[in-house]
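A short write-up of the structure that comes next.
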Amino acid sequence: MMKKYDVVALGELLIDFTENGVSAQGNPLLEANPGGAPCNVLAMLNKLGKKTAFIGKVGRDSFGQMLAETVRESGTDVTNLLFDEKVHTTLAFVHTMPGGDRDFSFYRNPGADMMLRKEEVMEEVIRDAEIFHFGTLSSTHEGAREATRYAIEVAKENGLLISFDPNLREPLWESLEDARREIAYGLSKCDILKISDNELEFMTGTADYTRAVEILRQSYDIPLIFVTLGRDGSRAYYRDMIVEAKPFIQENTIETTGAGDTFEGCALNYVLEHGIKDLSEQDLEKLLTFANAGASLITTRKGALKVMPEPEEIERLIQERS
């Protein structure tokens, strides 16, 4: 039976304030970019022609209204996007370093995304999807953590593939032990893992990424693992295969916000089209190349959710290099 959605994601939806020059007085100008990793992933999938839905919460304020409208316009179903009457929409201030890396400051004490509760999660939205995707920002606090775990169990019971991106944001955790515990929980539930080099080192204590993946596999037996390596490209670990793809380095990179989410959206798109049971080395190479190219394009733009690359742009970039 055809499902209504290809991917449903649960998590944070927030405003990323990114630097955009200076005013006549010399003050930094900040641009309010719609953000939040799960919806970025869905926005990329929408560009690739997939059907998506989002489960989350924003404040009933001007930023919350703007986010709901932006997500709807991107093509994502917002039936299970709720408004909190008392708590404001979460804000993140992104400081970009030379070279494009970022430093985050969050205004989330609390933020509306933390206020999602188990009873507000609509089971039917999850049941009607092929893949359930989540990260750890919805597990930093008790109520939203319970909602996340409930959603994962519903997804498991209904045979969805589970996709997980730890998306570690250290300032949001009471302690790094809490972060480690919640990432471990996500690892124990997922079929598809997208993890960055620094997150892999955080969880295993080694910078030998193949050894680190072995450690994760021994504990969690995850079928498909993607390791993103920033300017060094990405790798896929699947059965006894290790496939690596080079990055697409852009001279006009502005910032790396959304690069991992764009990669994730492209990767999930390939899994939706080819399954997870019988991927070849060529399949994985194709997947990684497309995902790397998509991720590189987003680094040339401010923000992510509203400016995801078109599939034709990604293909063009790949053709230019071949």
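Things to note:
- For the stretch 225-237, the count of residues that are in a helix (DSSP H, G or I) and either in contact with a Gly (Cβ under 8 Å, 6 or more places away or on another chain) or closer than 19 Å to residue 169 by Cβ (or both) is at least one.
- Residues of the stretch 1-47 classified as surrounded by fewer than 20 Cβ atoms within 10 Å (Cβ to Cβ) and basic (Lys, Arg), total: 2
- Residue 114 meets each of the listed conditions (1) buried (at least 21 other Cβ atoms within 10 Å of the Cβ); (2) under 16 Å from the mean Cα position of the chain (by Cα) apart from (2).
- In the condition set (1) surrounded by 23 or more Cβ atoms within 10 Å (Cβ to Cβ); (2) not in a strand (DSSP E or B), residue 57 is compliant with all but (2).
- Scanning the stretch 298-315 for residues that are in a helix (DSSP H, G or I) and in contact with an Asp or Glu (Cβ under 9 Å, 6 or more places away or on another chain) returns 298, 305, 306.
- Within the set 242, 215, 276, the sole residue that is more than 20 Å from residue 41 (Cα to Cα), touching a strand residue (DSSP E or B) at 6+ places or on another chain (Cβ under 9 Å) and not small (Gly, Ala, Ser) turns out to be 242.
- Test: residue in the stretch 290-300 that is closer than 26 Å to residue 15 by Cα and exposed (fewer than 14 other Cβ atoms within 10 Å of the Cβ): no
- Of the residues making up the stretch 33-92, just one is closer than 18 Å to residue 261 by Cβ, of a type in the set (A, V, I, L, M, F, W, C) and either at pLDDT below 95 or more than 18 Å from the chain's Cα centre (by Cα) (or both), namely 92.
- All positions within the stretch 1-32 that are under 18 Å from the mean Cα position of the chain (by Cα) and among the charged types (D, E, K, R): 6, 12, 16
- Filtered residues of the stretch 186-210 (kept if assigned to a strand (DSSP E or B) and of a type in the set (Ser, Thr, Tyr)): 196
- Count - residues of the stretch 93-143 that are without any contact (Cβ under 8 Å) to a residue 60 or more places away in the chain and not basic (Lys, Arg): 19
The values are calculated or read from the model by the stated rules, or taken from the named source; none is laboratory data. The structure displayed is predicted, hence computed values, not measured ones. With ideal geometry, Cβ positions are generated from the backbone for all residues, glycine too; neighbour counts draw on all protein chains shown.
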